[in-house]
Every structure is written in structure tokens, then in C-alpha cells.
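Structure first, commentary second.
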Amino acid sequence: MYIKRELENRLKKVLPKKEVISIVGPRQTGKTTLLKRIKEKLDKKEQNVQFITFEKRADLDLFEEVEDFKRYYQDKDAILIDEFQYAENGGQKLKYLYDTTDIKFIVTGSSSLDLVHKTGKYMVGRMFSFNLYPFSFREFLRYKDKNLLDMLTKNFENPLKSFNPQKSFGKSINQKLENLLEEYLIYGGYPRVVTGKEKEEKELVLESNLENYLQKEIKDLLNLASDKKLFNLAKTLATQIGELINYNNLSNVTELSYQKTKEHLNILEKTYILNLIRPFYTNKRTEITKNPVPYFIDTGFRNHLINDFRSFKLRNDKGALMENFVFMVLQRKTTSNLREINYWRSKSRAEVDFVIQDEQKPIPIEVKYSKNPTPGKSFYSFLNKYDCKKSFILTNGVSKRIKKKGAEINFIPVYYL
């Protein structure tokens, strides 16, 4: 069963264009499946399409002899290349083929530094790059309960852009969404995990994902002498979701030097294990300006790192998981209509979970997974300081809008995102 990806709508707009399309992301997020889906659509349009993978030695060897590759495939309308990161000097060769043929190239690759940077620097102005993440909650719903997804899409296509409390659902539908979101947060959105039938199968897939990441991504592509310290760093950060990073403490725990700690954090970020979001500030004297906070790309992967798959109701990290979920939603939006995700902390310890920008005006977002949420002093402090016109409190079932000192505060059930 193929589960349609949200990225398809964005890809559709650039498929007819000359530029190369690059699709990158973590391993096992469905890049090969999506590439084959694109091939099916192009085949239906009677285009002459070739699918190859650089995990196959013969395909890679032919590409290394770029002139022979060009002659061999000269009659093709499009060439789809999976696992492109294995090509040596792939960016230079791809640039040459782009400049000297009319072939449409679509390439995918794991989230390696090699593909993102070494290829990208040769393809400036010639390539559209897209990230394919694990299933979003709405993609998860497409598999679990298509009727719920249709209702959610119809009433709340993008609640952070346009929200109408009068369209909110009743208790029964809200409960279904709540239960499914809590399930999603335990095992995450990797396709093979979502479609797995048993708890043991889901955990085995996550274990395999971690082993493949450490083996192929880190050792083979990044040439680290050991993955142990990187694993320990990731495991430590898995217990610190949404907390300010303290580099000295991380260095002590992982036995990495201060500089190596920063380098390993960069690897975890560039290989799509986690993201570090930076502070929003306008006053260096009164606001935090440097230390980032970590959020994971997938909560199932995070839970595997700490070996905790207890049901949501038994957990003491509910708040952290909900914050991470909101980050994952915002992360996907930064590739479309949002420019950046930040957090806010003042040196007097006032804080807001997330800050996004809309037409140069900051919008604060606070996660209050409660049936009786109330904005705190910190939230009101931010509204006053930045003269905000719009803001959001993400809740467990509460749906309303109030006005406070000229600011619009939208209370939205978090599962409507």
C-alpha cells in the first residue's frame, strides 16, 4: 500500500522545469519509494525514464565514466538516481550532464554531508533541494484513519495560518485524534514503523535504523574513527529535549573535548537526527543570544535511544514529547512558508517555546498540553515586549480565541496541527 507523501504536491510544481531535483533525508524515510512513484507518473505521461541506484555497482561504475554514461542514456527524457551520495565527485559530473544534455535529473540520497554540501556547491542555480522526513502526523493519519485526515484537512488545512474555533470537532473526534497522536509520538513516523503490526516489529525496525545510521552514515560516509561517543551524545540529548544546551556538561558526559562536542553536534544535525534551534532576541543585554536547544527529527528514534516505549499516559516526559511534536510540524513548514524557528528566553528566565516570523512580526507559540491551559507571565511578557498581533497556545482539546491587550491568542488542540 502506497501512502501519499505531502512532498508530492511541492515536487509536482518543479517536475516540468529543467533544474535537477534533489531529495534528501534520513535513511528509511521512503526516498526510494517516492522516486519510484515519480517514475510511474512520468511513465504514464509516456516519457522515456530510467531508474538507477548507486548502491548497484554497475550503475555507479558507468556514472564514473561520465562521457560513456551520457552516450548510453542520451535518448532518455529523465534519469532518476537513488543513493546519489555514493558517487565520487558526483556534483561535478551532474553539473556537466545538466549543462550538456536536456535530460531531467532527479537524485535522492541519505542525509550525508557529502550530498548536501559537495554536490550542492556545484549545482547553485541548477538544483531544487527538498527534505523528506519520516511521516508527519497527517501522513500517519492517511494510513491509520483516512476519514479523520479528510475531516482535519477540510476544517484545518493550516491552523497556524488560518484558524476558526467554530470548526472545532466534538469530544469523540478529538479523543480519536488525541489517541492517535499519542501513539504516533511513541513510535514515530518512519514508514516501516508506522506500517508494522506488532510492538516488537516496530522496535526492531527502529533498532535497525539506528544501526544502519551508525554503520553507513557515520562510519562509511563521514569516516569517524568511532561511533560510540556520537551515540552517547545523541542518547544524552534525548533526555534534554527543549533544554538549553550546556556544552561543558555535554563534554564531560561524552568525554569529548569542547570543540569535538560542537563538531559531533553538527554531525547529528546535518545527518537529520536532530535540529538545534537558536534563540530569538533583539537585546543582547537582557535576552539569551547563543545557546541552542535540541529537538529530534523523529520521536520514535529518540525513544529508542533511551529505550523507553511506555504508553503516553505512563510517561513523565509528556511535555517534552509534545514540544518535540510541535517542532516537527514547524520544521516542515520552514521549507515552505516559514523562514525560521526560534525559542525565546530572557536572562530573568521568562521563556516561550517557539517563535516564528510572519511578515516581520514575531509570533509566539506555547505548548500547554492541558485541558485547562493558561498563558503564563512569560507569554504575556513576550506579547507586550514585541507588540504581537497573533499568538498560539497549543492545548489538549481546548479550542477558542481571546483578545488580550490588542493581541489575538488562539487556543488550538495540538492534534489539529
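Quick grid of which residues meet (1) assigned by TED's automatic domain parsing to the domain that holds Phe296; (2) in contact with a Leu (Cβ under 7 Å, 6 or more places away or on another chain); (3) modelled with pLDDT of 95 or more:
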residue	(1), (2), (3)
Met1	no, no, no
Val24	no, yes, no
Asp61	no, no, yes
Asn89	no, no, no
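Table: residues versus (1) crowded, with 17+ Cβ neighbours inside 10 Å; (2) hydroxyl-bearing (Ser, Thr, Tyr); (3) part of a loop (DSSP other than H, G, I, E, B); (4) not assigned by TED's automatic domain parsing to the domain that holds Glu201.
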{"site": "Phe309", "(1), (2), (3), (4)": "no, no, yes, no"}
{"site": "Val326", "(1), (2), (3), (4)": "yes, no, no, no"}
{"site": "Ile363", "(1), (2), (3), (4)": "yes, no, no, no"}
{"site": "Ser370", "(1), (2), (3), (4)": "no, yes, yes, no"}
Practice item. Collect the residues in segment 264-281 that are without any contact (Cβ under 8 Å) to a residue 12 or more places away in the chain and either over 19 Å from Glu243 (Cα atoms) or of a type in the set (S, T, N, Q) (or both), keeping them in residue-number order. Key: Asn266
Review point. Pairs under 8 Å by beta carbon, first residue outside the structural domain of Lys361 (by TED's automatic domain parsing) in segment 381-400, partner surrounded by fewer than 21 Cβ atoms within 10 Å (Cβ to Cβ), six or more apart or different chains?
Key: none
Practice item. Provide a single number: the residues in segment 372-406 that are in contact with a strand residue (DSSP E or B) (Cβ under 6 Å, 6 or more places away or on another chain), outside any loop (DSSP other than H, G, I, E, B) and of a type in the set (Gly, Ala, Ser). Key: 2
Revision key, fill the gap. Within segment 243-263, the residues that are under 15 Å from Ile306 (Cβ atoms) and in contact with a helix residue (DSSP H, G or I) (Cβ under 7 Å, 6 or more places away or on another chain) are Val253
Review point. Checking Tyr369 against (1) in contact with a helix residue (DSSP H, G or I) (Cβ under 7 Å, 6 or more places away or on another chain); (2) in contact (Cβ under 8 Å) with a residue 60 or more places away in the chain, which test does it fail?
Key: (2)
Review point. Hey, any hits in segment 183-193 for a residue that's out of contact with any Lys or Arg (no Cβ under 8 Å at 6 or more places or on another chain), of a type in the set (Lys, Arg) and without any contact (Cβ under 8 Å) to a residue 40 or more places away in the chain?
Key: no
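Rundown of residues vs (1) touching a residue at least 12 places away in the same chain (Cβ under 8 Å); (2) within 26 Å of Glu211 (Cα to Cα); (3) exposed (fewer than 13 other Cβ atoms within 10 Å of the Cβ); (4) not basic (Lys, Arg), yes/no style:
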{"position": "Lys17", "(1), (2), (3), (4)": "yes, no, yes, no"}
{"position": "Val20", "(1), (2), (3), (4)": "yes, no, no, yes"}
{"position": "Lys31", "(1), (2), (3), (4)": "yes, yes, no, no"}
{"position": "Arg37", "(1), (2), (3), (4)": "yes, no, no, no"}
{"position": "Glu46", "(1), (2), (3), (4)": "no, no, yes, yes"}
{"position": "Val49", "(1), (2), (3), (4)": "yes, no, no, yes"}
{"position": "Ile52", "(1), (2), (3), (4)": "yes, yes, no, yes"}
{"position": "Lys56", "(1), (2), (3), (4)": "no, yes, no, no"}
{"position": "Leu62", "(1), (2), (3), (4)": "no, no, no, yes"}
Check your understanding: Do you know which of the residues in segment 217-234 that are of a type outside the set (A, V, I, L, M) and surrounded by fewer than 16 Cβ atoms within 10 Å (Cβ to Cβ) is modelled with the highest pLDDT?
Key -> Lys228
Revision key, fill the gap. Checked Pro165, Pro191 against criteria (surrounded by fewer than 22 Cβ atoms within 10 Å (Cβ to Cβ), at pLDDT 95 or above and under 23 Å from Lys39 (Cβ atoms)); the one match is Pro191
Review point. For segment 119-155, which residues satisfy the criterion of being over 23 Å from Lys12 (Cβ atoms) and either outside the structural domain of Gln92 (by TED's automatic domain parsing) or not hydroxyl-bearing (Ser, Thr, Tyr) (or both)?
Key: Lys121, Val124, Lys144, Asp145, Asn147, Leu148, Met151, Asn155
**Study point:** Residue satisfying condition, being over 23 Å from Gly196 (Cβ atoms) and touching an Asp or Glu at 6+ places or on another chain (Cβ under 8 Å), within set Tyr380, Tyr295
**Key:** Tyr295
Practice item. Output the residues belonging to segment 1-15 that are assigned to a helix (DSSP H, G or I) and in contact (Cβ under 8 Å) with a residue 60 or more places away in the chain. Key: Leu7, Arg10, Leu11, Val14
Practice item. Determine, yes or no, whether Lys154 is closer than 22 Å to Lys56 by Cβ, over 19 Å from the mean Cα position of the chain (by Cα) and surrounded by fewer than 18 Cβ atoms within 10 Å (Cβ to Cβ). Key: no
**Study point:** When residues of segment 286-307 are limited to those that are in contact (Cβ under 8 Å) with a residue 12 or more places away in the chain and among the hydroxyl-bearing types (Ser, Thr, Tyr), the one surrounded by the fewest Cβ atoms within 10 Å (Cβ to Cβ)
**Key:** Thr286
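The values are calculated or read from the model by the stated rules, or taken from the named source; none is laboratory data. From a predicted model like this one, the values you see are computed outputs, not experimental measurements. For neighbour counting, all protein chains shown are included, and Cβ atoms are generated from backbone atoms with ideal geometry for every residue, glycine included.
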